[in-house]
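Heads up: the structure comes next, in structure tokens.
Laboratory data are not the source of any read-out in this text; all were calculated from the coordinates shown. In this text, all values refer to a predicted model and were calculated from it rather than measured experimentally. A quick note on method: Cβ atoms are made from the backbone with ideal geometry, for glycine too, and the neighbour counts reach across all protein chains shown.
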Amino acid sequence: MARVASALLCDAATVREGLLHILGGGITRLHRPEYPAPMQVTLVAQIVLTPVEVGFTHDVSAVIQTEDGDVVVEANGHLEAGPPNPLLEPGESVILPLVINLTNVVLAVAGGYSIEISVDSVHQASLTFRAVTVPAI
């Protein structure tokens, strides 16, 4: 079954030649002077596919919700590994990088939030973070 090997919030991320390039990874607190406020972060994940799963399209969703379970936003997409890499050994898994820009997602209030990540309708990972109010500098 496709699975999420890792996921985190970061300042920015790009993918080049299958490699995930992360800037400022591991964000767990968003400091904003007032709310509502944009998140201004990027969600990254690495999705592991077994050799059997490589030839299929996989549905991915990321749901941001409050600690009360109210949905802020849901991002849905599809992942495809593309043609098989001839350099892979028989039985070797494939890791697909996933980048979701959350820069303009607006959080209404300070508090606790989670991001729930599913692959092919199976929950795979949860990330939690806090949005806190800090004085403007």
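Using a 7 Å offset from Cα along Cα-Cβ at A108, what residues in the stretch 38-71 end up with backbone N under 16 Å from the label point?
38-39, 64-71
Distance between Cα centroids, the stretch 65-137 to the stretch 39-64: provide it in whole Å.
That distance is 8 Å.
Taking other Cβ within 10 Å of each residue's Cβ, how do M1, M39 sort, fewest first?
M1, M39
Take every Cα pair under 8 Å in the chain that's 6+ residues apart, average their separations, divide by the length, and report that relative contact order as a whole percent.
Reported relative contact order: 33 percent.
Using 0.36 nm per residue of separation minus the Cα-Cα distance, give me the extension gain between T50 and S121 in nm, one decimal.
23.9 nm
What net charge is computed for the residues neighbouring R130, neighbours being all others with C-beta under 13 Å from the C-beta of R130, Lys and Arg scored +1, Asp and Glu -1?
Here the count lands on +1.
Excluding L49 itself, what net charge comes from residues whose Cβ is under 14 Å from its Cβ, given Lys and Arg +1 and Asp and Glu -1?
Neighbour charge sum, excluding L49 itself: -4.
When 1/r is averaged over all different Cα pairs and the result inverted, which Kirkwood radius in Å belongs to the chain?
Result for the chain stands at 15.9 Å.
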